[in-house]
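Only one structure is covered here, and it is reproduced in the block below.
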Amino acid sequence: MIESLQIAELDNYFREACLTKLPVQVDKIDPQAAVIYPIILRDRLEVILSLPNQPLRHYTTTIPQEQVEQIVEQMQASLSRTSLTEERLPVAQKVYDLIVRPAEADLQASKIKTLAFILDGSLKNLPMVALHDGQRYLLEKYSIALTPGLQLLAPQPLQRQQIKVLVAGVSQSTQGFAALPGVESEVSEIKSEIPAQVLLNQTFTSAAIQKQIRANPFQVVHLATHGQFSSNAADTYILTWDGRLDVKQLGEILRTREQSTPTPIELLVFSACQTAEGDKRAALGLAGVAVRSGARSTLGTLWSVEDKSTADFMAEFYRQLANSQTTKAEALRQAQLKLLKEPGYKHPFYWAGFVLVGNWL
């Protein structure tokens, strides 16, 4: 029932059946990953835990839905750039106690290294990495990803021998959108860590990106531009120099590559994009882009992040991604930890907004 609801939600998002590949149970492909699925009900919070090769188990906390929603809103507010530590940590601990604390012993006993969350309702837009157990952030204990369900599509790990990356970005003002001066620095940082083909500003058109994706077997497509993720497909888009690509157009462009090469899009990275304000189901936009395009995973942000910290984050992320022993989720974790350890970026505002959706291998 849980899985069918998750798939139906994604299908409804696109108004068509888009899950065409055979799914695989998470515990069959990553014996060190657990799935945590909190469900907000009227009078309680149910947390379903899936551990490798074990029956599903669940934990119940008697708490009214209104109180859960209030705590979630408090945590969202506490993640603003100007919030103080004494505002952030108490509420981050409350959410940790509701979602993760009941599963702590089981996670430790199973030697879990990666947590994949299926988030319900308003929880979808909370960064799980910023939950706090009273001593450490969850980020400091586990690699973390989001998943639409208890199964993954095409769950093979990224082939890293020669990663091919396409970077497309808009740094200058266009179509009424403000300039993104940090994009040029971000592109430069990425190129310093990994070979990349670049489309920047006037060269980043809908036709140009389609041509590049068709002609080259890029495993990673990095889009550094204005954009928005929404639970409404029509409001999920990225900005090119000459227009906008909505989620369906982007999916069509990315799928054209299937006709010319067997190499899949392993990872779509969306930098400078953000979730639609007030949209509690906007994470479907991230999940949906990956599913519709045939990409195995998507990396995006829950809010507008700071230019300089993003450039530093992306440089470390790609440095880690090039390591054949590092999963995408662990590359994300190491990049976030790097920011957390820097005095100017300790606040979760700078590092917690990055989320990986889909295949974390």
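Values as computed for the structure displayed
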read-out	value
Cα-centre dipole for the chain with unit charges at Cβ (Lys and Arg positive, Asp and Glu negative), debye to 20	840 debye
Ordering of 338-348, 215-225 by burial proxy (mean other Cβ atoms within 10 Å per residue, highest first)	215-225, 338-348
Stretch gain in nm, segment GLU252-ARG42, where the contour uses 0.36 nm per residue and the Cα spacing is subtracted	71.6 nm
Label-point gap, in nm, between SER80 and ILE29 - each point 7 angstrom along Cα→Cβ	4.0 nm
Tail fraction, Cα-Cα pairs, region 196-350, threshold 24 Å, whole percent	34 percent
Using θ = phi - 60° and Karplus 6.51 cos²θ - 1.76 cosθ + 1.60, couplings along region 213-228 (whole Hz; Gly, Pro as x)	5, 5, 7, 10, x, 5, 8, 10, 10, 10, 10, 9, 6, 4, x, 8
Alpha-carbon Rg/Rh ratio, for the chain, with Rh computed the Kirkwood way	0.94
Lysines with Cα under 19 Å of LYS28, excluding same-chain neighbours fewer than 8 positions away	LYS111, LYS113, LYS328
Filter on LYS191/LYS346; LYS308/LYS346; LYS164/LYS211; LYS191/LYS308 - keep pairs with C-alpha separation over 18 Å	LYS191/LYS346
Sequence ranges 31-43, 191-203, ranked by mean other-Cβ count within 10 angstrom, highest first	31-43, 191-203
Most mobile listed residue (PRO148, PRO127, PRO181) in the chain, GNM with C-alpha springs under 10 Å	PRO181
Order of exposure, largest accessible area first, which applies to ARG319, ARG333 with probe 1.4 Å	ARG319, ARG333
Theoretical FRET efficiency, 1/(1+(r/R0)^6), r = Cβ-Cβ of ALA178 and ASP97, R0 51 Å, to 0.05	0.80
Built amide H within the under 5 Å cut-off of PHE117, gap 5+	ILE36, ALA145, LEU146, THR147
Per-residue ³J(HN,Hα) for region 181-192, Karplus 6.51 cos²θ - 1.76 cosθ + 1.60, θ = phi - 60°, Hz, x for Gly and Pro	x, x, 5, 4, 5, 4, 4, 4, 5, 5, 5, 6
FRET efficiency, 1/(1 + (r/R0)^6) with R0 30 Å, evaluated for ILE63 and GLU277 via beta carbons	0.70
Carbon plus sulfur fraction of accessible area for the chain, probe 1.4 Å, in percent	49 percent
Segment LYS211-SER304, extension gain: residue separation times 0.36 nm, minus the distance between their alpha carbons	30.6 nm
Pair-distance profile P(r), taking every C-alpha pair of region 169-242, with 5 angstrom steps and integer %	3, 15, 24, 23, 22, 10, 3, 0
Net charge over other residues, Cβ less than 10 angstrom from the Cβ of VAL167 (K, R count +1; D, E count -1)	0
Where N is the number of residues in region 99-247, Cα Rg divided by 2.2 N^0.38 Å	1.29
Summed side-chain charge close to PRO181 - residues other than PRO181 whose Cβ falls under 13 Å, Lys, Arg +1, Asp, Glu -1	-3
Relative contact order [Cα under 8 Å, 6+ residues apart], the chain, whole percent	17 percent
Length added when fully stretched, ASN232-ARG136, from 0.36 nm per residue minus Cα-Cα	31.0 nm
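The values are calculated or read from the model by the stated rules, or taken from the named source; none is laboratory data. Keep in mind that this is a model prediction, so the values were computed, not measured. In this analysis, Cβ positions are derived from the backbone assuming ideal geometry, glycine residues included, and neighbour counts consider all displayed protein chains. Side chains are part of the model used for accessible areas, which takes the heavy atoms of the whole protein and leaves out ligands, DNA and RNA. Shrake-Rupley method; radii C 1.70, N 1.55, O 1.52, S 1.80 Å.
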